[in-house]
Amino acid sequence: MTTTSSKWGSAPGRADPPGADHPRRPSRPYAGGTVGSAVSLQVVLAIAAPCFVAAVWGTWLAPRAARRLADPARLVLEVVLFLAGGLALLAAGQAALGVALAELGIINALLVRVVGTSSDDRA
């Protein structure tokens, strides 16, 4: 049985895949956790990026937002956020997840406008 050791400790039976040039590390949030080499920058971005997106969504895109944007501005902002998330995953080396997030988010945004939802009538 092989043992992989790194600054994070050793893991019996968990060998790195062939061609890996670094030991296994604990997983980090994708968008901010893979930017740059400074751990402090990665931690700040891993926390700040999702908080920023949540604030934008809650302020201008949520169905019950006090300052909800009207279409087409709301659609454009939704598409931009989903594309940004997809590009962040792509930059983190998760191409399939990035493409899936962007595609499904944009398709959902378009379908909501075509089919409609009960949240369109803000109560």
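The values are calculated or read from the model by the stated rules, or taken from the named source; none is laboratory data. Bear in mind the structure is a predicted one, so any value in this text is a computation, not a measurement. Every residue, glycine among them, receives a Cβ derived from its backbone with ideal geometry; neighbour counts consider all protein chains shown.
The set of residues in segment 10-50 being surrounded by 10 or more Cβ atoms within 10 Å (Cβ to Cβ), of a type in the set (Ser, Thr, Tyr) and either in a loop (DSSP other than H, G, I, E, B) or modelled with pLDDT of 85 or more (or both) consists of 34 alone.
Test residue 113 against the criterion of being more than 20 Å from the chain's Cα centre (by Cα), assigned to a helix (DSSP H, G or I) and surrounded by 14 or more Cβ atoms within 10 Å (Cβ to Cβ), and give yes or no. Spell out the reasoning first.
Numbers: more than 20 Å from the chain's Cα centre (by Cα): yes; assigned to a helix (DSSP H, G or I): yes; surrounded by 14 or more Cβ atoms within 10 Å (Cβ to Cβ): yes.
Judged against the criteria, residue 113 is a match.
State yes or no: is residue 53 without any contact (Cβ under 8 Å) to a residue 40 or more places away in the chain, surrounded by 13 or more Cβ atoms within 10 Å (Cβ to Cβ) and not aromatic (Phe, Trp, Tyr)? It is true that residue 53 is without any contact (Cβ under 8 Å) to a residue 40 or more places away in the chain, surrounded by 13 or more Cβ atoms within 10 Å (Cβ to Cβ) and not aromatic (Phe, Trp, Tyr). Screening residue 69 against (1) exposed (fewer than 13 other Cβ atoms within 10 Å of the Cβ); (2) outside any helix (DSSP H, G or I) leaves a single unmet condition, (1).
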